[in-house]
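Asks: Sending over a structure as structure tokens; questions will come in a sec.
The values are calculated or read from the model by the stated rules, or taken from the named source; none is laboratory data. Fair warning: this is a prediction, and the values are worked out from it, not measured in the lab. We place every Cβ from the backbone using ideal geometry, glycine too, and count neighbours over all the protein chains shown. The area values use the complete protein model at the heavy-atom level, side chains included, leaving out ligands, DNA and RNA. Shrake-Rupley method; radii C 1.70, N 1.55, O 1.52, S 1.80 Å.
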Amino acid sequence: MATIKCIGILTSGGDAPGMNAAIRAVTRAAIYNGLQVKGIYRGYKGLVTGEIKEFKSQDVSNIIQLGGTILKTARCKEFTIPEGRKQAYENMQKEGIDALVVIGGDGSLTGARILAQEFDIPCIGLPGTIDNDLYGTDTTIGYDTALNTILEAVDKIRDTATSHERLFFVEVMGRDAGFLALNGAIASGAEAAIIPEISTEVDQLEEFIKNGFRKSKNSSIVLVAESEITGGAMHYAERVKNEYPQYDVRVTILGHVQRGGSPTAHDRILASRLGTAAIEALMEDQRNVMIGIEHDEIVYVPFSKAIKNDKPIKRDLISVLKKLSI
């Protein structure tokens with residue numbers, strides 16, 4: 001393999017708190033190892049259009065505490081076709097970029113994997129998504145911050161739910177993964193979490209009502225993962241209105257507020273460790289792997305596994321929530 005002298009870095013897909021900490025870590029670890037760094041703006045779109053700038057250490061000063069991504073992110077239809085990827089590769093060659101570090105979720109890592117296969121470029125992925133749905137890593141950059149945002153919101157909703165003796169359905173992000181809903185429910189003391197992983201097994205609403213959620217409480221909060229499988233919070237609110245009209249129901253959809261905000265200490269440390277490890281991986285001639293963390297140790301996960309394998313929800317957490325919500 002040719003010696004790597006210059007690395008490109010981009011953020012892609014949905015933004016996540018801690019991406020800037022990862023950009024900082026990758027940039028400074030690369031410079032520390034004598035490598036040149038180039039920031040690619042607006043994800044794969046910037047790679048196709050050539051929106052690339054050399055990064056020095058000062059370019060990543062005072063960004064560790066910022067949410068979002070200084071490199072911006074965007075969807076890119078051009079990158080989905082061979083001609084667009086060829087243009088991206090030519091821009092990398094023109095800029096002298098020998099390897100790529102991609103921060104994002106499964107779609108972003110899929111793009112990196114295709115580019116690596118087609119043009120034999122070393123690519124390293126960092127798991128940057130609030131959904132925590134990437135296989136091979138215990139947690140992803142942005143997940144802890146999003147969880148804390150949910151916690152803060154649900155604590156406030158609890159005050160009004162109790163005052164009015166209402167049943168609240170709170171919809172959280174996660175796409176087709178229930179990590180935010182389930183752990184958010186445990187952390188906030190919610191009565192239940194409706195998640196896609198078990199939607200096909202049981203009628204989660206019926207089970208919740210059947211367990212007599214009103215026996216000892218004058219208000220209840222249920223977290224619902226946004227998903228076509230669950231139908232979302234509005235779907236369950238409509239069901240309650242039709243099937244259990246005696247209950248006063250309200251819905252709160254937290255939406256994109258979960259993506260923003262200053263990253264927690266956990267996400268800053270995680271992003272710093274993963275970003276530094278990405279450069280170490282390239283120095284070790286690693287390629288086409290996602291840097292993950294398992295049992296507090298850095299691991300290299302092949303793109304094929306990280307993207308294709310579903311990350312399982314911990315079943316014992318469902319049991320914990322059930323026991324604690326009586």
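Asks: So which of Lys77/Lys305; Lys156/Lys322; Lys45/Lys156 end up more than 30 Å apart by C-alpha?
Replies: Details: Lys77/Lys305 25 Å; Lys156/Lys322 22 Å; Lys45/Lys156 39 Å.
With Cα atoms farther than 30 Å apart: Lys45/Lys156.
Asks: Now for a different question. Tell me, what are the semi-axes, in whole angstrom and largest first, of the equivalent ellipsoid of the stretch 221-262 as set by the roots of 5 times the Cα gyration tensor eigenvalues?
Replies: Working: eigenvalues 116, 30, 8 Å².
Computed over the stretch 221-262, the values are 24, 12, 6 Å.
Asks: Still on this structure, please answer the following. What is the set of long-range amide H partners of Gly125 at a cut-off below 5 Å, with H atoms built 1.01 Å from backbone N?
Replies: Val102, Val289, Met290, Ile291
Asks: Which value, in debye to the nearest 20, gives the size of the charge dipole of the chain about its Cα centre, when Lys and Arg are +1 and Asp and Glu are -1 at the Cβ?
Replies: Working: 37 positive and 42 negative charges, 108 e Å.
Around 520 debye, computed over the chain.
Asks: May I pose another question? Pull up the cross-link candidates among the aspartates and glutamates for Lys94, meaning alpha carbon to alpha carbon under 14 Å and not fewer than 8 places away within one chain.
Replies: Result set, ordered by chain and number: Glu51, Glu54.
Asks: If packing is taken as the average number of other Cβ atoms within 10 Å across a peptide's residues, how do 251-259, 310-318, 190-198 rank, most packed first? Display every interim value, and only then the final one.
Replies: Details: 251-259: 16.9, 310-318: 13.4, 190-198: 24.0.
In descending order of packing, they fall as 190-198, 251-259, 310-318.
Asks: Another question about this same structure. Using the alpha carbons of the stretch 64-138, what is the convex hull volume per residue in cubic angstrom, as a whole number?
Replies: 120
Asks: Could I ask something else about it? If you add up the charges near Asp133, with Lys and Arg at +1 and Asp and Glu at -1, over every other residue whose beta carbon is less than 11 angstrom from its beta carbon, what do you get?
Replies: Details: positive: Arg175, Lys311; negative: Asp106, Asp131, Asp176, Glu197, Asp310.
After counting each charged neighbour, the total is -3.
Asks: Right, another one. Based on Cα positions only, what radius of gyration and what Dmax would you give for the stretch 144-259, in angstroms?
Replies: Both quantities, over Cα of the stretch 144-259: 12.9, 37 Å.
Asks: Expressed as a rounded percentage, what relative contact order does the stretch 144-259 have, with Cα pairs under 8 Å and six or more residues apart?
Replies: Values: 199 pairs, mean separation 44.7, N = 116.
Relative contact order, the stretch 144-259: 39 percent.
Asks: While we're on this one: Give the Cα extents of the stretch 1-142 along the principal axes, in whole Å, largest first.
Replies: 36, 32, 26
Asks: Rounded to whole Hz and in sequence order, give me ³J(HN,Hα) for the stretch 10-25 from the Karplus expression 6.51 cos²θ - 1.76 cosθ + 1.60, θ = phi - 60°, writing x for Gly and Pro.
Replies: Along the stretch 10-25, the couplings run 9, 10, 9, x, x, 6, 8, x, x, 4, 5, 4, 5, 4, 4, 5 Hz.
Asks: Counting Lys +1, Arg +1, Asp -1, Glu -1, what net charge surrounds Gly13 among other residues with beta carbon under 13 Å of its beta carbon?
Replies: Values: positive: Arg42, Lys45, Lys72, Arg75, Arg175, Arg259; negative: Asp15, Asp106, Asp131, Asp133.
Around Gly13, the charge tally is +2.
Asks: Over every pair of different alpha-carbon atoms in the chain, take the mean of 1/r and invert it; report that Kirkwood radius in Å. Don't skip to the answer; put the middle values down first.
Replies: Numbers: mean 1/r = 0.0484 Å⁻¹.
This gives a value of 20.7 Å.
Asks: Tell me, what is the per residue accessible area of the chain in Å², probe radius 1.4 Å?
Replies: Working: 14480 Å² over 326 residues.
Value for the chain: 44 Å² per residue.
Asks: Carbon and sulfur: what percent of the chain's accessible surface (1.4 Å probe)?
Replies: Numbers: 7090 of 14480 Å².
Exposed carbon and sulfur together represent 49 percent of the surface.
Asks: Using a 1.4 Å probe, how large is the accessible area of Phe79, given in Å² and rounded to the nearest 10?
Replies: 10
Asks: Hey, any idea what the orientation-averaged projected area of the convex hull of the stretch 95-210's Cα atoms comes to, in nm²?
Replies: Numbers: hull surface 39.0 nm².
Computed as one quarter of the Cα hull surface, the answer is 9.7 nm².
Asks: Heads up, I need the accessible area for Glu206: 1.4 angstrom probe, whole protein in place, Å², nearest 10.
Replies: Surface open to solvent at Glu206 totals about 100 Å².
Asks: Loop-only trypsin sites (Lys or Arg not before Pro) in the stretch 36-95, please: DSSP not H, G, I, E or B, and at most 14 other Cβ atoms within 10 Å. The partial results should precede the final answer.
Replies: Numbers: sites: Lys38, Arg42, Lys45, Lys53, Lys56, Lys72, Arg75, Lys77, Arg85, Lys86, Lys94; in loops: Arg42, Lys56, Lys72, Arg75, Lys77.
In loop regions of the stretch 36-95 (DSSP not H, G, I, E or B), the sparsely surrounded trypsin sites (Lys or Arg not before Pro) are Lys56, Arg75, Lys77.
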